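A.B. asks: Can you read through this structure? Questions will come right after.
The values are calculated or read from the model by the stated rules, or taken from the named source; none is laboratory data. These numbers were taken from a predicted model, which means no experiment stands behind them. All Cβ positions, even for glycine, are placed from backbone atoms using ideal geometry, and neighbour counts span all protein chains on display.
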Amino acid sequence: MIIREFEYEDLQQVMEIVYSSFEEYYTSDFFLTIWQASPDGFIVADDGEKIVGFVMGVMVDVETLRILMICVREGYRNKGIGSELLKHIIKKSGNVRKVRLEVKMSNKEAIKFYKKSGFVIKETLPDFYPDGTDAYLMEKSLF
Ligand SMILES: CC(C)(COP(=O)(O)OP(=O)(O)OC[C@H]1O[C@@H](n2cnc3c(N)ncnc32)[C@H](O)[C@@H]1OP(=O)(O)O)[C@@H](O)C(=O)NCCC(=O)NCCS
């Protein structure tokens, strides 16, 4: 498996993974806008035949990386791919000291994954998502 930067040709597969994993609808423009704004922060896991996961992140200040989305294809989860993607984007982000993300309070699996990856819950964000659901703000310190 190769971890590499996103390329335009990956778009359909990334969207397939998202459609089968999240209830929310995201347009292709959503992914392309983030890619344009932060090309280094859009990383995919490629098993040689297909995209099996991806992560998108953006530096929000000189030392803080915000993870916008991380997703592994169903059937490929719990094999370490999510952890590899997370490690890769952090390593690539240079002087990053803090990594932050928001996660739905109801997404117990993802919360377990983030806790295992060294994140702690910092805050509750009521009404964070358009459907009115709440989020946790989670953070990982690198020093
Ligand atoms: C969350 C997600 C990205 C994790 O990726 P993954 O490749 O399955 O995770 P890994 O295999 O690297 O797991 C790392 C650790 O987290 C734990 N973990 C992962 N998924 C878990 C689950 N469903 N329940 C409990 N623990 C879990 C693993 O046990 C593992 O711990 P270990 O190292 O002690 O074995 C993946 O499950 C996913 O795509 N979920 C759907 C999309 C989503 O909810 N994304 C996050 C919100 S934006």
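A.B. asks: In region 15-45, which residue that is more than 20 Å from residue 93 (Cβ to Cβ), of a type outside the set (Ser, Thr, Tyr) and outside any loop (DSSP other than H, G, I, E, B) is farthest from the chain's Cα centre (by Cα)? Steps first, please.
C.D. replies: Of the residues in region 15-45, the ones more than 20 Å from residue 93 (Cβ to Cβ) are 15-30, 32.
If we keep only those that are of a type outside the set (Ser, Thr, Tyr) as well, we get 15-18, 22-24, 29-30, 32.
Of the ones still in play, those that are also outside any loop (DSSP other than H, G, I, E, B) are 15-18, 29-30, 32.
On the way: 15: 13, 16: 15, 17: 12, 18: 11, 29: 17, 30: 14, 32: 15 Å.
Per the stated criteria, the residue is 29.
A.B. asks: Just the residues that are in contact with a Lys or Arg (Cβ under 9 Å, 6 or more places away or on another chain) and within 13 Å of the ligand (Cβ to nearest atom), please, taken from region 17-43. Break it down into steps so the answer makes sense when it comes.
C.D. replies: Taking region 17-43 first, the residues in contact with a Lys or Arg (Cβ under 9 Å, 6 or more places away or on another chain) are 17, 20-21, 40-41, 43.
Within region 17-43, 17, 20, 21, 43 qualify.
Listed here are the residues, each with its yes/no results for (1) within 12 Å of the ligand (Cβ to nearest atom); (2) part of a strand (DSSP E or B); (3) among the β-branched types (Val, Ile, Thr).
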{"residue": "65", "(1), (2), (3)": "no, yes, no"}
{"residue": "79", "(1), (2), (3)": "yes, no, no"}
{"residue": "86", "(1), (2), (3)": "yes, no, no"}
{"residue": "90", "(1), (2), (3)": "no, no, yes"}
{"residue": "94", "(1), (2), (3)": "no, no, no"}
{"residue": "110", "(1), (2), (3)": "yes, no, no"}
{"residue": "131", "(1), (2), (3)": "no, no, no"}
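A.B. asks: Tally up the residues in region 115-143 that are in contact with a Lys or Arg (Cβ under 9 Å, 6 or more places away or on another chain), surrounded by 11 or more Cβ atoms within 10 Å (Cβ to Cβ) and among the polar types (S, T, N, Q), please.
C.D. replies: Filtering region 115-143 for residues in contact with a Lys or Arg (Cβ under 9 Å, 6 or more places away or on another chain) gives 117-122, 128-129, 133-143.
If we keep only those that are surrounded by 11 or more Cβ atoms within 10 Å (Cβ to Cβ) too, we end up with 117-122, 128-129, 133-140, 142.
From the residues that got through so far, the ones that are among the polar types (S, T, N, Q) too are 117, 133.
Of the residues in that region, 2 qualify.
A.B. asks: Now for a separate question. Looking at 92, 115, which one is in contact with an Asp or Glu (Cβ under 9 Å, 6 or more places away or on another chain) and at negative phi?
C.D. replies: 92
A.B. asks: Sticking with this structure for a sec: Take residue 52 and tell me if it is more than 13 Å from the ligand (Cβ to nearest atom), modelled with pLDDT of 95 or more and assigned to a strand (DSSP E or B). Talk me through it step by step, then tell me what you get.
C.D. replies: Values: more than 13 Å from the ligand (Cβ to nearest atom): no; modelled with pLDDT of 95 or more: yes; assigned to a strand (DSSP E or B): yes.
No; evaluated as a whole, the condition is false for this residue.
A.B. asks: To continue, here is another question. Does residue 62 qualify as being in contact with a strand residue (DSSP E or B) (Cβ under 6 Å, 6 or more places away or on another chain) and either at negative phi or acidic (Asp, Glu) (or both)?
C.D. replies: Numbers: in contact with a strand residue (DSSP E or B) (Cβ under 6 Å, 6 or more places away or on another chain): no; either at negative phi or acidic (Asp, Glu) (or both): yes.
Answer is no for this residue.
A.B. asks: Between 75, 82, which is within 30 Å of residue 49 (Cα to Cα) and surrounded by 16 or more Cβ atoms within 10 Å (Cβ to Cβ)?
C.D. replies: Step by step, each of 75, 82 is checked, and only 82 is within 30 Å of residue 49 (Cα to Cα) and surrounded by 16 or more Cβ atoms within 10 Å (Cβ to Cβ).
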